[in-house]
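Chemist: Have a look at this one before I ask anything.
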């Protein structure tokens, strides 16, 4: 299997510092989103072992890219998010014919009340069955939310929880604004050291 990787542009990253003078919140500015192919709900539901009725069909299942393409899948609630299970063979068959190789599921029900969306990223094509925090996918999500007025018109300010289902809780901060087809998208988060290594001769 041949895997594809994308280099799009230089992504500006800003740091907010805490009282101790150490970097706290990192925010990256995304490039303008590109909206691609729309996938039938029945097909993606089958790949996720869900029913078509589990998808929020007010919004499309659609490829979106702010550099790295993702297939965004709007679900109705947290129960749907929890029970999603990828049919890997079906996923590989699907992504063979499209630009987006990874799935990004989201719903408006959350584990914690301060958050507005729950999300999961499945990236089996890239060798990542599930990622606990995906800045590139959340950039695509921000563009999608604004395009379809998911939270209504106007500027976007959203906290997204990700990784809860695999025991690696993460919070991402999305903000943005839109003037017709011109988007301003910022994705922020904090980092935590989970491993370190040392190069040896």
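Chemist: What distance in nm separates the two pseudo spin-label positions at residue 148 and residue 175, each 7 Å out from Cα along the beta-carbon direction?
Modeler: In this crude spin-label approximation the distance works out to 2.5 nm.
Chemist: In addition: Over the chain, what is the mean sequence separation of C-alpha contacts under 8 Å (at least six apart), divided by residue count, expressed as relative contact order in percent?
Modeler: 18 percent.
Chemist: Taking a ≥ b ≥ c as the square roots of the eigenvalues of the Cα gyration tensor of the stretch 94-141, is the shape rounded (a/c under 1.5), prolate (a/b larger than b/c) or oblate?
Modeler: Prolate, since a/c reaches 1.5 and a/b exceeds b/c.
Chemist: Then there is this: Contour minus end-to-end for residue 190 and residue 93, with contour as 0.36 nm per residue of separation and end-to-end as the Cα-Cα distance?
Modeler: This chain segment gains 31.4 nm when fully extended.
Chemist: Taking 0.36 nm per intervening residue step and subtracting the Cα-Cα distance, what contour gain separates residue 85 from residue 111 on full extension?
Modeler: 7.5 nm
Chemist: State the label only: which of (1) 9.9; (2) 11.5; (3) 13.6 corresponds to mean projected area of the Cα convex hull in nm² computed from the shown model?
Modeler: (3)
Chemist: Would you mind telling me which residue in 104, 151, 35 has the biggest mean-square fluctuation in a Gaussian network model of the chain, where springs connect alpha carbons within a distance under 10 angstrom?
Modeler: With Cα springs under 10 Å in the chain, the top fluctuation among 104, 151, 35 is at 151.
Chemist: State, to one decimal in nm, how far the label point of residue 77 lies from the label point of residue 34, with both points 7 Å from Cα in the Cβ direction.
Modeler: That separation, rounded to one decimal, is 3.8 nm.
Chemist: Same structure, new question: Among 133, 53, 102, which one shows the highest mean-square fluctuation when the chain is modelled as a Gaussian network with alpha-carbon springs under 10 Å?
Modeler: 53
Chemist: Given the options 181, 56, 131, which has the most mean-square fluctuation in a GNM of the chain, springs set between C-alpha atoms less than 10 angstrom apart?
Modeler: Highest fluctuation of the listed residues: 181.
Laboratory data are not the source of any read-out in this text; all were calculated from the coordinates shown. Computed from a predicted model, the values in this text were never measured in an experiment. All Cβ positions, glycine included, derive from the backbone under ideal geometry; neighbour counts span all protein chains shown.
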